[in-house]
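Right, one structure below, let's go through it.
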């Protein structure tokens, strides 16, 4: 165990509008070591992006609200940090890649200047203008864009190339933590692999800790040390990648996720999608959030919030594991 | 970030069919509009002014507007003349109400005309590719003549009477309507359900009436409201420069033009019609803003 | 960029031709023939016919139009006034500066007030610094310029006697008209700037800038403002034509010898060539402003210039 880089403790985030309150994240907790990669998996709307934005403190100002919990980066609270302190953290200690490469870049600033801005804002080494430009070239080379194109504008790049620019911006200051929010979802399949490879390669080279948000289990298998499965704003199962992919016991939702993807190495006659939809985050069920869709739900599931049970490194939030051999209650 | 929250628009348990909340029915729009305080204030105040100007004149004989009584000119407000009298001793309140009726009627009729002609042109331009270029190039030319100059040219050629003033400002405003409606129809016309209707053999006119227009209704209503205030202002300023409604007929702009001569004697005459114009245009703008937000909640900040 | 500008200038020509044809056609509906207007009542029919022939009024409509346009295009000859019998060109040259100064300074004033206040309100959304200016602007945007002009005239000219109430001799003659014309425009511009800024601040690239650790001030000025400026610049160009209308009323109110008063006098006296000349000149002016705006636009937004210069975009 290395030094704990990031600790998310019992995080709860609401989006409040004048019409309704959306409970997007409902008590999420996890830790991340230096250089570790965590996969955050779940359906659209499970609260993955919200968790990431909360860590960066980039939640929409008017509506997004951290109601409970704490986020510690290198032991210091991000939530209590002043705006100034946050600005120093963002870009330098933690950085984020967004899922919308087509709109994530300022359309009227050349890509070189957008990368340079990142370096300029955290110019602790006191680089001169020439040195900053040199660093921009370096970073561009690193993500595989010819530095000669740095004077060009975002509209002159394809989606995959723009995502590389976003990655370059994020990595320009070699942050300790990189959050990649579905970095490949908006890209063509062929480009997806390239971008993913680039992220992994750079992570290894720079020793950056990575939170990889995705709904693609394939990406998780290739990239992550640890995995957290998210459903309706909570972590239903966490464990090492080995736990998630090889263990025989899983949260019913995790099993559902696996059953709904096709596999080439197994003879499966028909995919089994999870029935129903994620619960309305403005009006969550009383018991386990997954109980309305759970094929194994018992009466207790519909009435009481499930506790967390653990076995080795695997932790599962489900009533079913109360009497499971090898599992012990590890938390509420 | 808000995109992954779309699940809030759906509510379904296992086995239940997915029920999508209807976003755009009239009830929902009215509900959203009603929640908008500014818009409601605008609507209520506008209703009062509107009723005052259109109902009250029914009980006031037109002669009150024209009957001169020079000995009683510039009278201060009294029971007989609530808003005093003007430079000819005419009852100012009656003139204000009748004048407001004229100003508003011009604005409303001109907006309707503009919408009808400009809107249809825009709709056909958007829906029939072949018509797009000829119509829009013509509109480009029309639009590059400043509205006031267009209105002046028309009034100059046809003469300054009420119908020509309406015609002039409606024509001058038409290109704006045409462009907006064209854009709205264009955004609807390439949607899948239009394709589907077309593939199903539905006639063009039926598609336009049944599928395209209802989906552009928001834009149409908002634009018409906003333009009404612009057209009322245009009517007033045309009358102010003496090229619109001619005295002694009361009209807020024309009344201001008359009042200009008598500024030294009284400020009442120059204040009241101006307040009328500012009130009505502000109210219409508030209503327009409210409608826009109600029709398209995403735009609300 | 040069290619883009040339292309835009060439595109103006058909528009101007179309406009001149339209205005020529509309004004040809003006009742009465030139000679009757020039010679006035009581002239004998023979003289009228004779003069009409001299003026070329007996020729077909299209021929008259073509000769009118070619005279302007080739010799900058706008004909002569029916009333004064002087060349229209000279009157246009005399009056153009008045209208130009009025419009130009009003736009400057509107931008100087409208844009900064608009940004302030957007940045301080929901605070008193937002609501107070927003409400003020709401009312001011609804002010008919001629009414505001009347109030200014009453207060500063009639009551206080600080400024002249008519004419356009010196710079101080322009103060009241420019303020009266510029303030409502500033209010409109402020409202527009505010909503444009609020829209821009919501964009993904603003979040990217925040994620880099850019301070709020830098985000507003370097990222949001420049992007928000694109629609603002457009609206200034579009509003210029509308400003013409308000300028008309302002010129009348302050009896300024500008192009608008020339048109109105022309209409009153059935002096068609005056009306035509001034209308065409003002329209051309508006077209030029739109062109100018488009060039500025392309300068701010690299996507526009790229579209026209044939680079891959």
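Annotations for the structure displayed:
- Check on residue A:290, away from chain B (no Cβ under 13 Å) and buried (at least 21 other Cβ atoms within 10 Å of the Cβ): no
- Residues in segment B:31-47 that are modelled with pLDDT of 90 or more and loosely packed, with under 13 Cβ neighbours inside 10 Å: B:44, B:47.
- Qualifying residue in segment C:33-54 (condition: away from chain B (no Cβ under 14 Å), touching a strand residue (DSSP E or B) at 6+ places or on another chain (Cβ under 9 Å) and either modelled with pLDDT of 80 or more or assigned to a helix (DSSP H, G or I) (or both)): no
One line per residue, one yes/no per condition, for (1) facing another protein chain (nearest Cβ under 9 Å); (2) farther than 25 Å from residue B:171 by Cα; (3) within 17 Å of the chain's Cα centre (by Cα); (4) surrounded by fewer than 18 Cβ atoms within 10 Å (Cβ to Cβ):
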residue	(1), (2), (3), (4)
B:206	no, yes, no, yes
B:225	no, no, yes, no
B:231	no, no, yes, no
B:235	no, no, yes, no
B:240	yes, no, no, no
B:250	no, no, no, no
B:273	yes, yes, no, no
B:290	no, yes, yes, no
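- Residue in segment C:19-29 that is outside any helix (DSSP H, G or I) and in the same structural domain as residue C:61 (by TED's automatic domain parsing) present: yes
- Every test in (1) away from every other protein chain (no Cβ under 11 Å); (2) over 30 Å from residue C:273 (Cα atoms); (3) free of Cβ contacts under 8 Å to residues at least 24 places away in the same chain is passed by residue C:202 save one, and that test is (1).
- Hey, residue A:11 touching a residue at least 40 places away in the same chain (Cβ under 8 Å) and crowded, with 23+ Cβ neighbours inside 10 Å or not: yes
- Within segment C:237-255, the set of residues being surrounded by fewer than 24 Cβ atoms within 10 Å (Cβ to Cβ) and more than 10 Å from chain B (Cβ to nearest Cβ) comprises C:237, C:239, C:255.
- Residue within segment A:185-202 that is in contact with a strand residue (DSSP E or B) (Cβ under 8 Å, 6 or more places away or on another chain), outside any helix (DSSP H, G or I) and either on the phi > 0 side of the Ramachandran plot or at pLDDT 90 or above (or both) present: no
- If you go through segment A:80-96 and pick out every residue that is within 9 Å of another protein chain (Cβ to nearest Cβ) and either more than 21 Å from the chain's Cα centre (by Cα) or not in a loop (DSSP other than H, G, I, E, B) (or both), you end up with 10.
- With a requirement of 1 or more residues that are free of Cβ contacts under 8 Å to residues at least 24 places away in the same chain and loosely packed, with under 15 Cβ neighbours inside 10 Å, the helices (runs of 4 or more DSSP H) lying completely within segment C:66-171 that satisfy it span C:88-123, C:128-141.
- Residue within segment A:104-112 that is touching a helix residue (DSSP H, G or I) at 6+ places or on another chain (Cβ under 8 Å), under 22 Å from residue A:36 (Cα atoms) and either outside any helix (DSSP H, G or I) or facing chain C (nearest Cβ under 9 Å) (or both) present: no
- Hits in segment A:28-46 (condition: within 28 Å of residue A:274 (Cα to Cα) and at pLDDT below 90): A:42, A:43, A:44, A:45, A:46
- Selected residue [within 14 Å of residue C:123 (Cα to Cα) and in a helix (DSSP H, G or I)] from C:219, C:236: C:219
- The condition of being without any contact (Cβ under 8 Å) to a residue 40 or more places away in the chain, buried (at least 16 other Cβ atoms within 10 Å of the Cβ) and more than 25 Å from residue A:165 (Cα to Cα) holds for only one of A:81, A:42, that being A:81.
- Among residues of segment A:113-136, those that are over 25 Å from residue C:297 (Cβ atoms), more than 9 Å from chain C (Cβ to nearest Cβ), within 28 Å of the chain's Cα centre (by Cα) and at pLDDT 90 or above, counted: 6
- Hey, residue B:274 under 25 Å from residue B:84 (Cα atoms) and without any contact (Cβ under 8 Å) to a residue 24 or more places away in the chain or not: yes
- Residue in segment B:256-271 that is modelled with the lowest pLDDT, counting only those that are in a helix (DSSP H, G or I) and within 11 Å of chain C (Cβ to nearest Cβ): B:269
- Reported count of residues in segment A:285-294, each being outside any helix (DSSP H, G or I) and either farther than 14 Å from residue A:306 by Cα or touching a helix residue (DSSP H, G or I) at 6+ places or on another chain (Cβ under 7 Å) (or both), is 6.
The values are calculated or read from the model by the stated rules, or taken from the named source; none is laboratory data. Not measured: the values here are computed from a predicted model. All Cβ positions, even for glycine, are placed from backbone atoms using ideal geometry, and neighbour counts span all protein chains on display.
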